[in-house]
Amino acid sequence: MYTIVITRPAVQSQVLCKRLKALKMRVILAPSIETKLTPRSAQERQVISALKAKGFDWLVFTSANGVNFFAQVLKRNRVPISVLRGISVAVQGPKTSQRLKELLHVRSRVAPREALAEELVAVFGKLKMQGKRVLLAVAQETRDVLEPALRRQGALVTKLPVYHTSPVPLSTSVRRQILKCSPSELIITFFSPSAVRSFVRSLKAPPGFLSKALIASIGPVTSRGLEEQGVAVEIEARDHTEEGLLREIEGLGVV
């Protein structure tokens, strides 16, 4: 029987963990990063003032985490979500779109199915963005793809980091559980390049261990992060979602 290692933050692993256990799979939770709300800043105060003054034409989210933490930014500044009325919203991927509706009660105008910044760039490339005021609510460590593309189109871009990620070392217990497994019966799932770096550094696996395990990636950005660490990717979700990754694992006939 395969053992599946989940490396995303614990709070985001609960649903996937339950689904895998329902399939009679052994699961090891090995959160390798944590996400936190960014501290208050002068930039945040400026953005809040601009939102109140209807100073943005577009609001862009590149992840469900971005939606979650932006909602917290509004809350700590005592700003109602009604401030978003009249602003066009673009999101990266269906999960982000779903979270937008659940938390902020807003429907996205732009929502490419593939959760890639390059897909958003392609969609915006078909729109007239000259002079449009765009707010990017993103992670502090976000890839520098969307902002320069929008600026080339003449958009006036403000980037507000609403959260940041930090590495979480594996506990001694979790590390032992993983290394006790036969790597040929191990599936390790990754959901971000930052989790890849943290996990590989913290696991300190013996030579050849990771190359014998099945490595599962949520999408091409994470896969590139794995390749940079010298880890070969065996499974990649086609639609870059948790559900897509689970379908790929099920397709291997291991569950």
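What follows draws every value from the coordinates through simple rules; no lab data is involved. Computed from a predicted structure; not experimentally measured. Quick reminder, even Gly has a Cβ in these numbers, built from the backbone with ideal geometry, and neighbours come from all protein chains shown.
Using the structure shown, list the pairs from LYS21/LYS95; LYS24/LYS95; LYS36/LYS204; LYS54/LYS128; LYS54/LYS132; LYS75/LYS128 with a Cα-Cα distance above 24 Å, or answer none. Show your work: numbers first, answer last.
On the way: LYS21/LYS95 22 Å; LYS24/LYS95 26 Å; LYS36/LYS204 26 Å; LYS54/LYS128 19 Å; LYS54/LYS132 12 Å; LYS75/LYS128 32 Å.
Table pairs above 24 Å Cα-Cα are LYS24/LYS95; LYS36/LYS204; LYS75/LYS128.
Multiplying the sequence separation of ALA10 and ARG109 by 0.36 nm and subtracting their Cα-Cα distance, what value in nm do you get?
Roughly 32.5 nm would be gained on extension.
Quick query: amide H of LEU156 versus all other amide H atoms, modeled in the peptide plane; which residues come in under 5 Å with a sequence gap of 5 or more or a different chain?
GLY131, LYS132, ARG133, VAL134
Output the DSSP H helices from the chain with an along-axis C-alpha extent of no less than 18 Å and a mean Kyte-Doolittle hydropathy no less than 0.5. Spell out each step's value before the answer.
Values: long enough: 64-76 (19 Å, 0.16).
Flagged H segments: there are none.
Springs between alpha-carbon pairs under 10 angstrom, Gaussian network model over the chain: which of ARG152, ARG107, ARG224 fluctuates most?
ARG152
Taking the number of other C-beta atoms within 10 Å as the exposure measure, put GLU250, GLU141 in order starting with the fewest.
By the 10 Å Cβ count, ascending, the order reads GLU250, GLU141.
What ranking do VAL15, VAL174 get, fewest neighbouring Cβ atoms within 10 angstrom at the top?
Working: VAL15 10, VAL174 18.
Result, fewest neighbours first: VAL15, VAL174.
If the only charges are +1 at each Lys and Arg Cβ and -1 at each Asp and Glu Cβ, what is the size of the charge dipole of the chain around the Cα centre, to the nearest 20 debye?
Charge dipole of the chain: 980 debye, to the nearest 20.
Sequence-distant or interchain residues sharing an amide H contact under 5 Å with VAL89, placed H: which?
Long-range HN contacts for VAL89: LEU59, ARG109, VAL110.
Go through the stretch 105-111 residue by residue and turn each phi into a ³J(HN,Hα) via Karplus (6.51, -1.76, 1.60, θ = phi - 60°); whole Hz please, and just put x for glycine and proline.
Values, residue by residue: 6, 10, 9, 7, 7, 10, 8 Hz.
Would you please give the residues with an amide H less than 5 Å from that of VAL5, counting only those at least 5 places away or on a separate chain, with H modeled from the backbone geometry?
It is ILE28, ILE187, ILE188, THR189, by chain and number.
At 37 °C and 0.692 mPa s, grab the translational diffusion coefficient of the stretch 36-165 from Stokes-Einstein with a Kirkwood Rh over Cα pairs, rounded to a whole number in µm² per second. Could the numbers behind the result be given before it?
Details: Rh = 14.5 Å.
The calculation lands on 227 µm²/s.
What is the percent of Cα-Cα separations in the chain that go past 26 Å?
Of all Cα-Cα pairs in the chain, 43 percent lie more than 26 Å apart.
Sort out for me the Cα centre separation of the stretch 182-255 from the stretch 94-171, rounded to whole Å.
One Cα centre to the other: 25 Å.
Within the set of other residues whose C-beta is less than 15 Å from the C-beta of THR222, count the net charge using Lys and Arg as +1 and Asp and Glu as -1.
Net of charged neighbours comes to -4.
For GLU102 and ARG143, calculate 0.36 nm times their separation in residues minus their Cα-Cα distance, and state this gained length in nm to one decimal.
Details: separation 41, 0.36 × 41 = 14.76 nm, distance 2.58 nm.
The span from GLU102 to ARG143 would gain 12.2 nm if fully extended.
Quick one: if the Förster radius is 30 Å, what FRET efficiency do GLN229 and CYS17 give, using the C-beta to C-beta distance and rounding to 0.05? Present the calculation step by step, with values, prior to reporting the outcome.
Details: r = 24 Å, r/R0 = 0.81.
The formula returns an efficiency of 0.80 here.
How compact and how long is the stretch 105-255, expressed as Rg and Dmax of its alpha-carbon atoms in Å?
That works out to 18.6, 58 Å for Rg and Dmax.
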